[in-house]
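Comments concern the structure below.
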Amino acid sequence: MKLHSLWFAASLFLLTLNNAFAEQKTSSNTPSNIVPDWQLTMQNGEPINWQMFEGKPVILHFWATWCPYCKRLQPKLVELVEKHPNVILVGISFNEDSDATPQDVLEERGYTFKTAVNGEKVAQQYGVAGTPTTFFIKPNGEAIFKYVNSDINDPRLLKATQVIAE
């Protein structure tokens, strides 16, 4: 009887573990997803939407002005698009303080890439849980890599940029 209970417990554990890995693979690192459409505004009220970038390789960077990890990653993202001029870097700011001015913060940091504001719903659409979260998107709209770290030395950043730039 003890052996039967042990087998049952082990089987249940393996089934749970398998489901956890399957869920992680499909929800957090889904490289074969076509990205959802979105429409937001920039800080100055100008509209910005996914259609503006369709057919182009895009690095889509979800961030917040208060996020130190975003601040650490952004120079690397800018460097990547400078080395691959056909790639466009677009920011979506979310989870901000009410008085935040994301475009001004970027300009103070010396960056010129466009950023949308109030991107909470879009972040939710994309399955973004925190900042920074960065998607590397091919011209056909396929997200090939979701990066949820700020390690500027991670070789996957360059590789993902090269793949979308092809």
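Checked against the criterion of being within 18 Å of Asn44 (Cβ to Cβ) and part of a helix (DSSP H, G or I), the candidates Leu158, Leu106 yield just one match: Leu106. Residues that are part of a loop (DSSP other than H, G, I, E, B), modelled with pLDDT under 85 and closer than 28 Å to Glu166 by Cβ occur in the stretch 31-47; there is at least one.
Residues in the stretch 48-64 that are surrounded by fewer than 17 Cβ atoms within 10 Å (Cβ to Cβ) and assigned to a helix (DSSP H, G or I): Gln51, Met52. The single condition among (1) surrounded by fewer than 22 Cβ atoms within 10 Å (Cβ to Cβ); (2) touching a residue at least 12 places away in the same chain (Cβ under 8 Å); (3) of a type in the set (Ser, Thr, Tyr); (4) not in a helix (DSSP H, G or I) that Thr134 does not meet is (1).
Consider the stretch 97-131 and keep the residues that are polar (S, T, N, Q), surrounded by 16 or more Cβ atoms within 10 Å (Cβ to Cβ) and within 20 Å of Leu80 (Cβ to Cβ). The one that is nearest to the chain's Cα centre (by Cα) is Thr131.
For (1) out of contact with any strand residue (DSSP E or B) (no Cβ under 9 Å at 6 or more places or on another chain); (2) in the same structural domain as Phe145 (by TED's automatic domain parsing); (3) without any contact (Cβ under 8 Å) to a residue 40 or more places away in the chain, each residue gets a yes or a no:
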position	(1), (2), (3)
Gly55	yes, yes, no
Trp63	no, yes, no
Glu79	yes, yes, yes
Val87	no, yes, no
Phe94	no, yes, yes
Ser98	yes, yes, yes
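Here is a yes/no grid of residues against (1) at pLDDT 95 or above; (2) part of a loop (DSSP other than H, G, I, E, B); (3) acidic (Asp, Glu):
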| site | (1), (2), (3) |
| --- | --- |
| Trp66 | yes, yes, no |
| Lys71 | yes, no, no |
| Glu82 | yes, no, yes |
| Pro85 | yes, yes, no |
| Leu89 | yes, no, no |
| Ile92 | yes, no, no |
| Asp97 | no, yes, yes |
| Lys121 | yes, no, no |
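Mind checking whether some residue in the stretch 146-161 is modelled with pLDDT under 95 and either assigned by TED's automatic domain parsing to the domain that holds Trp50 or farther than 16 Å from Trp50 by Cβ (or both)? Walk me through how you get there before you give the answer.
So in the stretch 146-161, the residues modelled with pLDDT under 95 come out as none.
Checked the stretch 146-161: no residue is modelled with pLDDT under 95 and either assigned by TED's automatic domain parsing to the domain that holds Trp50 or farther than 16 Å from Trp50 by Cβ (or both).
The values are calculated or read from the model by the stated rules, or taken from the named source; none is laboratory data. Small disclaimer: the values here were computed from a predicted structure and weren't measured. Every residue, glycine as well, gets a Cβ built from its backbone with ideal geometry; the counts of neighbours run over all protein chains shown.
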